[in-house]
1. Sum -39500 (n - 2.57) across every DSSP H segment of at least 4 residues in the chain, then divide by the residue count to get the 222 nm mean residue ellipticity, nearest 500.
2. Defining a contact as two alpha carbons under 8 Å apart and six or more residues distant in sequence, what relative contact order in percent does segment 13-96 show?
3. How far is helix 12-31 tilted off the main Cα axis of the chain, in degrees rounded to 10, range 0 to 90?
4. Could you tell me the convex hull volume per residue, in Å³, taken over the Cα atoms of segment 13-96?
5. Fewest first, what order do 75, 49 take by the number of other Cβ atoms within 10 Å?
6. With axes computed from alpha carbons, what is the tilt in degrees of helix 62-71 against the longest principal axis of the chain, rounded to the nearest 10 within 0 to 90?
7. Let me know the Rg and Dmax you get for segment 6-55 when you use only its Cα atoms, in Å.
């Protein structure tokens, strides 16, 4: 399979994060005593896709990772992934755009 340019351009930090996600999914599966074959079946993916996901292959779709988290009953983690309430940069930018003062409109 030919490597896509977008995969090759991934920063090392992103590749490490995806690899950790895959490794964490593998640990969670094994802790729950779920076999490789059963996990793939429950997630409606092929065993080879599960191998790729657990190895942190960035070519595996986020939908596959989401299905794996669902099987492991960890979907809440996915829901909180980019929660605006926990975005310090976004909150700081929003605060910068707030007006310095609010003027009352004149009654005409």
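Bear in mind that the values in this text are calculations on the coordinates, not laboratory data. As the structure is a computational prediction, the values presented were derived from the model and not from experiment. For neighbour counting, all protein chains shown are included, and Cβ atoms are generated from backbone atoms with ideal geometry for every residue, glycine included.
1. Working: 7 runs with 63 residues, N = 108.
Calculated mean residue ellipticity at 222 nm is -16500 deg cm²/dmol.
2. Values: 58 pairs, mean separation 23.9, N = 84.
Rounded, it is 28 percent for segment 13-96.
3. Long axis of 12-31 versus the principal axis of the chain: about 60 degrees.
4. Numbers: hull volume 8.1 nm³, N = 84.
Measuring per residue, one finds 97 Å³ for the Cα hull of segment 13-96.
5. On the way: 75 13, 49 19.
Final ranking by Cβ density, sparse to dense: 75, 49.
6. 70
7. 12.2, 36
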